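Notes for the one structure printed next.
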Amino acid sequence: MANVYETGARFYDALSGERIIYRAGRERGVALLNLRPGDTVLDLGCGTGLNFDLLVRAVGPSGRVIGLDRSPQMLKVARRRLEVKGWSCVRLIEADAASFDPQQVADQLPADSGDRVDAVFSSYAMSVFDDWRPAWERMRAVLRPDGRAAIVDMQLPSGAARVFSPLVRFVTAVGGANLEARPWTVIERHAVDIQSSSLRGGHIRVVAGTIP
Ligand SMILES: C[S@@+](CC[C@H](N)C(=O)[O-])C[C@H]1O[C@@H](n2cnc3c(N)ncnc32)[C@H](O)[C@@H]1O
């Protein structure tokens with residue numbers, strides 16, 4: 001199913017329901033990372049780079065945003081975005097989230113910032129991974145002690161919004177997302193200073209925390 005991110009990469013931004021549904025989740029997730037100017041952040045499964053404007057604004061020109069994705073086609077769109085916006089503080093890595101070498105991330109960090117990032121972020125991606133658990137282990141491996149992690153992902157809506165469940169099932173099936181994956185639970189289990197939000201009738205879950 002990941003093939004949709006190869007053949008459909010050019011249409012992802014237009015067809016992903018960004019404005020009306022999913023933008024709110026990435027805005028909330030980035031806010032909960034508590035990034036400061038000069039920070040470094042990894043965006044796992046970054047896709048076409050829809051988080052980059054928020055992340056670049058948060059870390060500033062002296063910071064670093066590293067986007068990692070396994071789809072060359074999604075990264076091609078992301079690269080075009082960087083060129084158009086002139087974001088020289090963003091680096092891209094083509095790799096599998098479950099098996100990348102932490103050194104690949106270290107190699108993209110500014111010389112004076114150590115070999116681990118200050119924060120890790122993933123939006124609407126871990127539910128698409130074949131198994132998000134090894135990807136989480138990689139996120140932890142590149143995150144500095146007491147760094148911040150945030151996961152934004154999807155589940156079926158709840159309460160009155162349950163009426164939208166068939167639509168949500170259809171749209172997320174096209175994208176290959178597993179609505180039972182609930183990757184944010186790993187932050188609830190391992191983090192301190194946890195902050196969370198449910199948006200869009202509970203469809204979008206945002207959980208952030210500090211990982212000791
Ligand atoms: C629904 S898109 C989300 C993209 C972006 N994070 C966003 O918020 O728009 C899922 C992304 O996960 C990527 N992906 C899927 N499996 C992956 C894996 N094993 N390793 C790295 N990226 C993967 C896909 O290529 C795709 O770009």
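Descriptive notes on the structure:
- A Förster distance of 45 Å, applied to the separation of the beta-carbon atoms of ASP101 and PHE164, puts the FRET efficiency at 0.65.
- A Stokes-Einstein calculation at 37 °C with viscosity 0.692 mPa s, built on the Kirkwood radius of the range 4-211 over Cα pairs, returns a diffusion coefficient of 194 µm²/s.
- For a label point 7 Å along the Cα-to-beta-carbon line of HIS190, residues of the range 110-137 with backbone N under 16 Å: 116-123, 126-127, 131-137
- A 1.4 Å probe run over the protein chains yields, for the chain, 47 Å² of accessible area per residue, whole-number rounding.
- Residue separation of VAL171 and ASN34 scaled by 0.36 nm, minus their Cα-Cα distance, works out to 46.2 nm of gained length.
- Surface share of carbon and sulfur [accessible, 1.4 angstrom probe, percent] for the chain: 51 percent
- FRET efficiency for ASP130 and ARG23, using Cβ-Cβ distance with R0 set to 35 Å, rounded to 0.05: 0.85
The values are calculated or read from the model by the stated rules, or taken from the named source; none is laboratory data. A quick note: this is a predicted structure, and the numbers were derived from the prediction, not measured. Cβ atoms come from the backbone with ideal geometry, glycine included; neighbour counts cover every protein chain shown. Surface accessibility is based on the protein's heavy atoms, side chains included, excluding ligands, DNA and RNA. Shrake-Rupley method; radii C 1.70, N 1.55, O 1.52, S 1.80 Å.
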